[in-house]
Amino acid sequence: MTTLPARIDTDQVKHVHPVEEVVSRYGIELRPVGRALVGRCPFHPDGGRPNLYVYPGNRSWYCYRCAVGGDVISFVMRLERLGFRDAVARLEGDSLVACPTPPRPARRPSARPRRSFAWGAAERACLAVAVELYHNRLLTDPAALAYVEGRGLERATLERCRVGYASGEELAAYLRWRRLPAQAAVRVGLLRHDGREFLAGRVVVPEIRGGQPLWLVGRTVGPDGGDPKYLGLPGGKPLLGWETAVGSPTAIVVEGVFDWLTLRGWGLPALALVGTHLRPEAQRGLARFERIYLVLDTDEPGRAAAAKLMRTLGSRAVPVLLPGVKDVAELATCPDGRSIFHRAVQQSEHARAA
Ligand SMILES: [Zn+2]
């Protein structure tokens with residue numbers, strides 16, 4: 001471990017680590033605009049026109065939305081929530097900072113099942129930086145972005161839900177650069193034992209609680225992007241969207257990730273089962289809502305799951321029949337999909353009262 005000198009020559013640090021290189025290394029794509037390089041600011045949900053301006057000429061950056069800026073050191077301090085000396089150490093490649101374990105070749109997988117909700121600091125950090133990298137990548141990957149926007153999702157929803165795209169070629173290097181141990185990423189399932197990305201080539205949606213991603217699920221891009229269509233990280237599958245739904249007396253339960261994203265885009269308290277299987281914990285979670293609208297797929301597994309939930313939840317559960325579509329996600333691309341959905345919910349209430 002090298003030790004930093006008592007007095008740090010900041011001009012030297014800024015000279016050796018060009019701010020534009022460091023910003024790009026965090027997965028933020030920069031495009032030249034005049035004398036600046038412009039990209040999406042990592043400190044606020046940066047939709048629409050990007051707000052982060054990097055000025056190589058005077059080695060500085062500024063976000064016009066956050067109204068904050070500085071030099072390469074302050075960028076690292078802010079992004080990684082580090083103090084001044086730790087940020088400099090980070091840039092100098094020192095191992096003073098947390099999680100200094102270098103990546104090692106993968107070991108044999110443990111046969112024990114994992115409990116994803118009890119990860120340690122390194123595992124949680126890996127999940128957080130993966131979500132950050134994948135999200136930045138989605139916003140700059142034309143094919144992946146076209147896919148999700150083609151499914152009727154707005155940019156604001158993608159940002160609010162931190163939807164991402166795993167290119168499959170970046171995570172291992174990114175973790176290395178963020179000084180996070182590859183083994184921790186293997187344990188949470190982000191990396192396979194041979195170092196390949198588990199969710200490669202997929203649109204990725206995280207379950208975030210208290211600002212911390214706990215679990216990720218990925219969907220192949222395109223109508224027939226390969227099997228399986230959905231792939232979740234190993235460990236316990238949570239109800240997707242818990243934190244935003246839990247404050248509401250009602251919840252709308254759907255099967256799929258895109259159903260869920262559609263409802264989130266409409267500002268509704270949605271929860272996704274991510275499939276039709278419901279674990280006992282998730283069932284207990286649902287029992288706290290006063291009213292649970294079940295909007296499961298109109299196929300056999302969806303109907304069976306709805307029937308089972310109605311048995312468990314009793315009269316609080318109300319099945320909703322969508323007219324002429326298989327699921328909520330299909331309504332996302334209908335011009336009047338949102339009002340069709342609201343009408344279907346109203347009708348289910350009437351049917352129940354009758
Ligand atoms: Zn900003």
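Quick note: the coordinates plus some simple rules give every number you see, no bench work behind them. The structure presented is a predicted model; accordingly, all values stated were derived computationally and were not measured. Positions of Cβ are generated from backbone atoms using ideal geometry, with glycine treated the same way; all protein chains shown enter the neighbour counts.
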Counting DSSP beta bridges with both ends in the chain, the antiparallel % (nearest 5): 70
Surrounding net charge for residue 331, when Lys and Arg each add one and Asp and Glu each subtract one, Cβ distance under 13 Å: -1
FRET efficiency estimate (nearest 0.05) - Cβ-Cβ, residue 44 to residue 212, R0 22 angstrom: 0.75
Kirkwood hydrodynamic radius over Cα pairs of the chain, then Stokes diffusion coefficient at 20 °C and 1.002 mPa s, in µm²/s: 97
In the chain, lysine pairs with alpha-carbon atoms under 21 angstrom apart (chain gap of 8 or more, or interchain): 4
Highest to lowest packing among 26-37, 261-272, scored as the average C-beta count within 10 Å: 261-272, 26-37
Gyration tensor (alpha-carbon) shape descriptor, the range 242-353, a/c threshold 1.5: rounded
Amide H partners (placed H, <5 Å) of residue 232, local residues excluded: 218
Kyte-Doolittle at least -0.5, axis length at least 27 Å by Cα - qualifying DSSP helices, the chain: 121-140
Within-11-Å neighbourhood charge of residue 199 [Cβ basis; K, R +1; D, E -1]: +3
Enclosed volume per residue, in Å³, of the convex hull spanned by Cα atoms of the range 10-91: 85
